[in-house]
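**Student:** Got a structure for you, written out below as structure tokens; questions coming shortly.
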Amino acid sequence: MKQLGILDAAFINLERGNTPQHIASLGIYDPSTAPGGKVRFKQVIATFERRLDNQPLFRTRLVQVPGGLDRPYWVKDERFDVEFHLRHIALPSPGDWRQLCIQVARLHSRPLDMSKPLWEAYIIEGLDRIPGLPRGSFAVMIKIHHSLVDGMGGNSIAALIHDLVPSPDHAASPEPLPRLVDITPGMAELLSRATVNGIKNVAGVVSGAASNSLKLARYAAGVVKGDYPGLDMQAPKTRFNAPVSPHRVFTAAEFKLQDFKAIKDAAGVKLNDVALAVVGGALQRYLEQCGEAPDAALSAAIPINMRARRASSEDHNQVGSVFTCLHTDIADPAAQLQAIHHSSLDAQKAGSVSPLVDMLKLAGVFTPALTRPVANFWARNHLSSYLPLNVSTVVSNVAGPDQPLYCAGARLMDYYGLGVLTPGMGIFHMVFSYCGKVTVSVLADRAMLPDPERYRDCLEEAYQALAVAVVPATKRQSAPRRQKKPARRRV
């Protein structure tokens with residue numbers, strides 16, 4: 001039995017029907033590399049079972065403390081059945097890229113069963129109408145609750161089911177971790193633990209509040225004196241800052257990593273700056289086409305890995321957020337990229353000293369009995385719309401492996417990531433690099449982004465404009481990959 005950490009518990013407390021707190025990955029696979037050139041569903045099940053021997057956490061379920069008097073616990077699910085978590089489906093006709101995006105969005109919209117281990121996977125067949133994919137290709141979508149893994153640990157999702165070779169030597173695999181042997185605690189034990197933890201938590205909250213107040217005061221004084229840059233959280237409100245519905249859309253654009261690096265090298269910036277410039281350019285283009293482009297610049301929240309910034313802990317989530325300006329009020333893409341680069345450096349500097357980097361912890365530091373009613377009241381009354389501070393989107397950038405990965409012998413060709421939406425924040429971008437490719441995945445509220453194909457166009461156009469403005473014509477390699485995009489159809 002293991003109690004959830006503060007940030008892990010925050011994602012449980014924030015779980016609501018309109019804003020479920022799970023993240024997801026979508027991988028597309030070529031079965032021709034598997035033994036016999038074909039992968040059966042039972043082979044995928046066997047792969048999950050083998051890999052889960054080294055991931056006991058995925059065999060645990062959540063146990064709440066009676067009355068919400070303490071953070072919940074992970075305990076072994078004695079009835080764990082891997083086949084309950086694996087579902088085998090096929091795309092409806094015509095089975096093209098658009099249909100895959102619709103299916104993924106529908107699956108991501110559904111909350112997880114909170115009484116079971118908090119993950120599920122879908123093996124999706126019927127992709128033969130997606131141009132550029134080998135015949136027989138299939139997809140695997142994995143949904144995992146954010147309390148189990150943070151975005152910066154997204155590579156652990158990829159590691160969950162993948163091998164480095166098509167036919168791994170099972171005999172040479174690492175020894176399985178010890179089996180979980182604990183049993184579900186009774187009410188008396190949970191309440192007893194809650195009493196002890198309550199005393200510790202009160203002392204911790206008082207001490208933490210005093211410490212954070214002092215840090216905030218020092219940071220504010222530093223901003224006034226010019227020692228620290230301010231946080232860019234004053235973007236104008238757009239259609240993406242409205243109350244979030246339970247419905248989602250998904251789309252993605254794919255680029256060559258070498259093309260992103262060419263822009264990075266030519267401009268003397270970082271890869272993350274290039275990604276932010278593409279996202280900022282796409283947002284501005286889309287809002288212009290809707291007749292809603294603001295005069296002021298948009299901004300972004302950027303998750304950062306806190307593992308390298310503080311002492312290690314056993315919490316699954318060790319992530320914070322910094323905020324940076326996207327400078328969408330600058331028309332020249334090259335100048336915009338340079339401005340983003342400098343703002344990103346300022347954001348990183350501010351994040352190293354500002355206590356606001358950990359503000360998500362507020363949803364987990366108090367007991368669920370206090371936090372959940374406040375979170376529900378906040379979302380129900382759309383209080384985010386009254387905040388003076390604001391961000392336009394979340395952009396998470398994860399560097400994946402540069403060598404091929406395999407699931408049940410099938411080679412992973414493309415990998416996409418889906419994040420979470422929160423009240424008042426209706427669009428999320430995940431940038432993931434894998435094996436020479438960069439994917440920019442978009443999860444959004446369906447009412448806010450009713451035409452995701454148009455937004456995909458905006459991503460590609462923003463990239464192209466940036467490449468033309470920054471990279472000399474003689475060094476440009478290629479345009480973005482568009483083979484997965486079918487002809488437009490009305491529904």
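The values are calculated or read from the model by the stated rules, or taken from the named source; none is laboratory data. Just so we're clear, the structure is a prediction, and the values are computed from it rather than from any experiment. Every residue, glycine as well, gets a Cβ built from its backbone with ideal geometry; the counts of neighbours run over all protein chains shown.
**Student:** When only residues in the stretch 86-118 that are of a type in the set (S, T, N, Q) and free of Cβ contacts under 8 Å to residues at least 60 places away in the same chain count, which is surrounded by the most Cβ atoms within 10 Å (Cβ to Cβ)?
**Tutor:** Looking at residues that are of a type in the set (S, T, N, Q) and free of Cβ contacts under 8 Å to residues at least 60 places away in the same chain, I get GLN103.
**Student:** Could you identify the single residue in LEU62, LEU52, LEU14, LEU26 that is at pLDDT 95 or above and buried (at least 18 other Cβ atoms within 10 Å of the Cβ)?
**Tutor:** Exactly one residue qualifies, and that residue is LEU26.
**Student:** With the structure loaded, tell me whether ALA267 is over 30 Å from GLU15 (Cα atoms) and modelled with pLDDT of 90 or more or whether it fails that test.
**Tutor:** yes
**Student:** Shifting gears a bit: Please pick out the residue among ASP358, ASP346 that is on the phi < 0 side of the Ramachandran plot, assigned to a helix (DSSP H, G or I) and at pLDDT below 85. Step through it out loud before you land on a result.
**Tutor:** Details: ASP346 fails: at pLDDT below 85.
On inspection, the qualifying residue turns out to be ASP358.
**Student:** Here's another thing I want to ask about it. From the list LEU271, LEU283, pick out the single residue that is touching a strand residue (DSSP E or B) at 6+ places or on another chain (Cβ under 9 Å) and over 17 Å from VAL442 (Cα atoms).
**Tutor:** Sole residue among the options that is touching a strand residue (DSSP E or B) at 6+ places or on another chain (Cβ under 9 Å) and over 17 Å from VAL442 (Cα atoms): LEU271.
**Student:** Oh, and also: Give LEU443, LEU449 a once-over and let me know the one that is in a strand (DSSP E or B), within 25 Å of GLN21 (Cα to Cα) and assigned by TED's automatic domain parsing to the domain that holds GLN336.
**Tutor:** LEU443
**Student:** I need every pair where a residue in the stretch 65-85 that is under 16 Å from ALA9 (Cβ atoms) has its Cβ under 8 Å from the Cβ of a residue that is part of a strand (DSSP E or B) and polar (S, T, N, Q), sequence separation at least 6 or different chains.
**Tutor:** From the stretch 65-85, the pairs are ASP70/GLN3; ARG71/GLN3; PRO72/GLN3; TYR73/GLN3; TRP74/GLN3; TRP74/THR60; VAL75/THR60.
**Student:** Here are some conditions: (1) exposed (fewer than 14 other Cβ atoms within 10 Å of the Cβ); (2) modelled with pLDDT under 90. LYS38 meets all but one. Which one does it not meet?
**Tutor:** Here LYS38 meets the rest and fails (2).
**Student:** Return a yes/no flag: does the stretch 277-292 have any residue that is of a type in the set (S, T, N, Q) and closer than 22 Å to GLY436 by Cβ. Walk me through it before giving the result.
**Tutor:** Just the residues of the stretch 277-292 that are of a type in the set (S, T, N, Q), to begin with: 284, 289.
In the following step, the residues that additionally are closer than 22 Å to GLY436 by Cβ were identified as none.
No: the stretch 277-292 contains no residue that is of a type in the set (S, T, N, Q) and closer than 22 Å to GLY436 by Cβ.
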